[in-house]
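See below for the structure under consideration.
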Amino acid sequence: MVLVYAEATNGQFKKAAHEVITYGKKTADILGTECHALVLGDTPGAEALGKYGAGKVYRVSGASLAAFDAAVYTAAIADAAKQLGATVIILSHNSTGKNITGRLAARLEAGSVPGANTVPEMRDGYFTVRKPVFSGKAFADVQLLTDVKIISVAGNSIPVKESGAEASVETLEISLPEPRTKVVKHQVATGRVPLPEAELVVSGGRGLKGPENWGVIEDLAEALGATTACSRPVADSDWRPHHEHVGQTGVAIRPNLYIAAGISGAIQHLAGVNNSKTIVVINSDADAPFFKAADYGVVGDLFEVLPRLTEAVKKYRGQ
Amino acid sequence: MKLLVCVSKTPETTTKIQLTADGKEIDTAGVQYIMNPYDEWYALVRALELKESAGGSVTILNVGPADNDSVIRKGLAIGADDAVRIDVSEEKDSLYTARQIAEYAKSQAYDIIFFGKETISYNGSEVGAMVAEFLDLPYVGEASHLEVDGGKATITRDIEGGEEVIEVDTPVAVSAAKGMAEQRIPNMRGIMMAKRKPLEVVAAVDYPDTTRIVTYEKPEEKGSVKLIDPDNMDELVRLLHEEAKVI
Ligand SMILES: Cc1cc2nc3c(=O)[nH]c(=O)nc-3n(C[C@H](O)[C@H](O)[C@H](O)COP(=O)(O)OP(=O)(O)OC[C@H]3O[C@@H](n4cnc5c(N)ncnc54)[C@H](O)[C@@H]3O)c2cc1C
Ligand SMILES: Nc1ncnc2c1ncn2[C@@H]1O[C@H](COP(=O)(O)O)[C@@H](O)[C@H]1O
């Protein structure tokens, strides 16, 4: 049985949860088994997870789950997996997942693939999963050699698919440990989709010349409904917040559309963005290395090109 | 405070990854290695700052072959007091690596065990969490700030689109992300002193492989770029909609 940990963010099941269940369902189909979802805490709307392929939803409740604690969440998932006899456990490779996946693997002494980007296959008799390595410069096919297998799925790796109907929700009794960490502040920017989950990203580099010029990036992002990003020197100079920095030593992203303006395309920048489906590069230097990694290129001054592109997007969206 | 910093070795960031002809391995010919940036820039430097303000010691630990000693010496040159290398003949999987770190650390009573947010080679983000579980320690991943005050740590961690502040009693395991500290460049004196600092080599304990990388592949090369006239952004929007189908 495949057990998927469906995480609720800010009181709702969102894209990340739907993605992992879609992934879990496909995995279960390959193995000829069932896919069930696990929910920790009392978030409403868990029945709807059935639509993405969960046969059943299991819920664990308890005061210890009120705020996130990696050890408590790990214990809950591990015990649920044991009770239900799960052989594959699937989570999101997001900040929660990164705090849990390793713990879960150690607790169950199970092989894990963190950040998988394709659905597993049986190859030469082995359960094999692909993941990006070297920040996207290559992919590795990893065999999982243990009876229980753990996979965390990179965001935007698989299109969400509705395949079923609402599922029944059953409560699981699990005794939970006391949390040892205390969350004293939890702060998320509302509005924009967080960068790792964003399907459309508009990014600016040193070609913008200064933080006061970011309006041209913001306007295009606004018109597209995109999230903003930047190159490393831009974040290092505090022109933009650190969490916008993409690349080998920043956030690795794989949106459908990545628009880069005033970014030269250094290898460390490309490493974090070259798994994007479509790349548009706007640069005044026709020899900028980024054009070699782009699908569409505009050779021109970004201060002229970006406002024109924003207008064109508005015109298209207005139709 | 007794501090441990786990460091790994990765190809230098400008490395163009090449595969062997059969695609089974990374072609390491000519590849230069560095200490994983998250381990060096953030984890190690924050540990050194804590030692400088509160006293104690900073030990760096690597699980790897003797070739890794040069990377370890760099950590000593930046300021760690001593180092441990758990001797394995080749790179092993995450759970094996974590098991070795936990075996060594379990009798050492560290107040904080530092990791990097991820290795920029395997991009796992899991070794720190594994060690924490083996040692039954609380773990905070992707931390951008860390303060310690008399056995209590206050840690800010990155979450999607924001951050969370966490209080936890030491001992604790932490993985360091950008923001935690500023990179330090070793000076001549540090480099000279590093040669005389202790580097203990410890035998590995047996542990089975739980995963195995069987093949590598490189991403498909992009075809040649389609250039659009800067005066015709309607055309770009049309292509993004009709051809690329992304808007
Ligand atoms: C260990 C290490 C790790 C690194 N990790 C990262 C990482 O994770 N992410 C990252 O981004 N970088 C990283 N870097 C830095 C990287 O090597 C480059 O220095 C950086 O990406 C360059 O940023 P940039 O393209 O914004 O600036 P530049 O290289 O200065 O490029 C600016 C570009 O803007 C163009 N331009 C200027 N004016 C205009 C205009 N008016 N209109 C249009 N175009 C214009 C120029 O032609 C140029 O191509 C790393 C470096 C090291 C050593
Ligand atoms: N071979 C190793 N020796 C010591 N520490 C390691 C090793 N591999 C990984 N680590 C630590 O674990 C962190 C996360 O690694 P990973 O899970 O591979 O992304 C790294 O940033 C290091 O701090």
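Amide H neighbours of A:Val153 under 5 Å, at least 5 residues apart or on other chains, H built in the peptide plane: list them.
Excluding prolines and chain starts, which carry no amide H, the hits are A:Leu91, A:Ser92, A:His93, A:Gly115, A:Ala116.
Quick one: 3J(HN,Hα) in Hz for segment B:235-247, Karplus 6.51/-1.76/1.60 with θ = phi - 60°, rounded, Gly and Pro as x.
5, 4, 4, 4, 5, 5, 7, 8, 8, 7, 6, 10, 10
What are the ³J(HN,Hα) values, in whole Hz, obtained from phi via the Karplus relation 6.51 cos²θ - 1.76 cosθ + 1.60 with θ = phi - 60°, for each residue of segment B:203-208 in sequence order, with x given for Gly and Pro?
6, 7, 8, 5, 7, x
Write out the GluC sites (Glu not before Pro) in segment B:55-109 meeting two conditions: DSSP loop, and at most 11 other Cβ atoms within 10 Å of their Cβ.
Numbers: sites: B:Glu90, B:Glu91, B:Glu103; in loops: B:Glu90, B:Glu91.
Taking segment B:55-109 and a limit of 11 other Cβ atoms within 10 Å, the loop GluC sites (Glu not before Pro) found are B:Glu90.
Which number do you get for Rg(Cα) / (2.2 N^0.38 Å) in segment A:52-192?
Details: Rg = 16.4 Å, N = 141, 2.2 N^0.38 = 14.4 Å.
Rg over 2.2 N^0.38 Å, computed on Cα atoms: 1.14.
Residues of segment B:140-176 losing 50 Å² or more of accessible area relative to the isolated chain, 1.4 Å probe, heavy atoms only?
B:Glu142, B:Arg157, B:Glu160, B:Gly161, B:Glu163, B:Glu164, B:Val165, B:Glu167
Quick check on my link table: of A:Lys82/B:Lys92; B:Lys51/B:Lys178; A:Lys185/B:Lys51; A:Lys277/B:Lys222; B:Lys92/B:Lys218, which ones sit more than 18 Å apart, alpha carbon to alpha carbon? Intermediate results must be reported in sequence, preceding the final value.
Details: A:Lys82/B:Lys92 27 Å; B:Lys51/B:Lys178 20 Å; A:Lys185/B:Lys51 27 Å; A:Lys277/B:Lys222 10 Å; B:Lys92/B:Lys218 22 Å.
Result: A:Lys82/B:Lys92; B:Lys51/B:Lys178; A:Lys185/B:Lys51; B:Lys92/B:Lys218 exceed 18 Å.
Provide, in order from the shortest bin, the percent of all Cα-Cα pairs of the protein assembly as shown in each 10 Å bin, continuing until the bin that contains the maximum pair distance.
With 10 Å bins starting at 0, P(r) equals 4, 18, 28, 27, 18, 6, 1, 0.
Using a 1.4 angstrom probe and counting only protein chains, how large is the accessible area of B:Arg99 in Å², to 10?
50
Keeping the other protein chains in place, figure out the carbon and sulfur percent of the accessible area of chain B, with a 1.4 Å probe. Intermediate results must be reported in sequence, preceding the final value.
Working: 5060 of 10820 Å².
It is 47 percent, rounded to a whole number.
Filter A:Lys131/B:Lys24; A:Lys25/B:Lys24; A:Lys137/B:Lys16 down to the pairs with a C-alpha to C-alpha distance above 19 Å, please.
Working: A:Lys131/B:Lys24 15 Å; A:Lys25/B:Lys24 30 Å; A:Lys137/B:Lys16 8 Å.
From the list (A:Lys131/B:Lys24; A:Lys25/B:Lys24; A:Lys137/B:Lys16), the Cα-Cα distance tops 19 Å for A:Lys25/B:Lys24.
Under the rule of at least 5 residues apart or a separate chain, name every residue whose amide H is placed under 5 Å from the amide H of A:Lys56.
Here the answer is A:Ala37, since their amide H atoms fall under 5 Å of that of A:Lys56.
Looking at the square roots a ≥ b ≥ c of the eigenvalues of the Cα gyration tensor of segment B:96-166, which shape do they give, rounded for a/c under 1.5, prolate if a/b is larger than b/c, or oblate? It would help to have the intermediate numbers written out before the result.
Numbers: a/c = 2.45, a/b = 1.17, b/c = 2.09.
Taking the square roots of the gyration eigenvalues as a ≥ b ≥ c, segment B:96-166 is oblate.
With a 1.4 Å probe and all protein chains left in place, how much accessible area per residue does the protein assembly as shown have, in Å²? Don't jump to the answer; show the numbers that get you there.
Details: 22820 Å² over 566 residues.
The answer is 40 Å² per residue.
Placing +1 on the Cβ of each Lys and Arg and -1 on the Cβ of each Asp and Glu in segment B:2-219, which of B:Leu199, B:Pro171, B:Thr215 has its Cα farthest towards the positive end of the resulting dipole?
My answer, from the dipole projection, is B:Leu199.
Relative to the first principal axis of the alpha-carbon coordinates of chain B, what is the inclination of helix B:69-78, with its axis defined by its Cα atoms, in degrees from 0 to 90 and to the nearest 10?
70
Could you please state, rounded to a whole Å, how far the C-alpha centre of segment A:32-105 is from the C-alpha centre of segment B:122-137?
What the calculation gives is 19 Å, centre to centre.
Taking the DSSP beta bridges in segment B:2-219 as the whole, what percent of them are antiparallel, to the nearest 5? Before the final figure, lay out the partial values.
On the way: 18 of 45 bridges.
Restricted to segment B:2-219, the bridges split so that about 40 percent are antiparallel.
For B:Tyr110, B:Tyr33, what's the largest-to-smallest order of accessible area, 1.4 Å probe?
Numbers: B:Tyr110 20, B:Tyr33 95 Å².
Solvent-accessible surface, decreasing: B:Tyr33, B:Tyr110.
Dipole magnitude of segment B:1-152 about its Cα centre, charges +1 at Lys/Arg Cβ and -1 at Asp/Glu Cβ only, in debye to the nearest 20?
On the way: 14 positive and 25 negative charges, 38 e Å.
Here the size comes out at about 180 debye.
Set Lys and Arg Cβ to +1 and Asp and Glu Cβ to -1, take the dipole of segment B:2-219 about its Cα centre, and tell me which of B:Gly116, B:Ile60, B:Ile185 lies farthest positive.
B:Ile185
Tell me the relative contact order for chain A as a rounded percent, counting alpha carbon contacts under 8 Å between residues six or more apart. Each step should come with its number before you reach the end.
Working: 698 pairs, mean separation 46.5, N = 319.
The value is 15 percent.
What is the angle, in °, between the Cα long axis of helix A:70-84 and the longest principal axis of the Cα atoms in chain A? Nearest 10 is fine, range 0 to 90.
It is inclined by approximately 50 degrees.
Quote the total accessible area buried by chains A and B together, excluding ligands, DNA and RNA, probe 1.4 Å, nearest 100 Å². Provide the component values of the computation, followed by the final result.
On the way: alone 15590 and 14540 Å², together 22820 Å².
About 7300 Å² of accessible surface is lost on pairing.
Find the relative contact order for segment B:1-113 and round it to a whole percent, using C-alpha pairs within less than 8 Å whose residues are 6+ positions apart. Don't jump to the answer; show the numbers that get you there.
On the way: 157 pairs, mean separation 37.7, N = 113.
33 percent.
Of A:Lys131, A:Lys209, A:Lys15, which has the largest mean-square fluctuation in a 10 Å C-alpha GNM of chain A?
Looking only at A:Lys131, A:Lys209, A:Lys15, the biggest GNM fluctuation is shown by A:Lys209.
Ordering A:Thr171, B:Thr14, A:Thr9 from largest to smallest accessible area (1.4 angstrom probe), what's the sequence? Display every interim value, and only then the final one.
Working: A:Thr171 95, B:Thr14 70, A:Thr9 50 Å².
Of A:Thr171, B:Thr14, A:Thr9, the descending order of accessible area is A:Thr171, B:Thr14, A:Thr9.
Just check segment A:195-318 against the gyration tensor rule for me: Cα atoms, a ≥ b ≥ c as the square roots of the eigenvalues, rounded for a/c under 1.5, and otherwise prolate or oblate depending on whether a/b exceeds b/c. Don't skip to the end; give the middle numbers.
Working: a/c = 1.23, a/b = 1.22, b/c = 1.01.
The shape class here is rounded.
Give the ranking of A:Ile267, B:Ile185 by solvent-accessible surface, highest area first, calculated with a 1.4 Å probe.
Greatest to least solvent exposure: B:Ile185, A:Ile267.
The values are calculated or read from the model by the stated rules, or taken from the named source; none is laboratory data. The structure displayed is predicted, hence computed values, not measured ones. In this analysis, Cβ positions are derived from the backbone assuming ideal geometry, glycine residues included, and neighbour counts consider all displayed protein chains. Heads up: the accessible areas ignore ligands, DNA and RNA and are worked out on the full protein's heavy atoms, side chains in. Shrake-Rupley method; radii C 1.70, N 1.55, O 1.52, S 1.80 Å.
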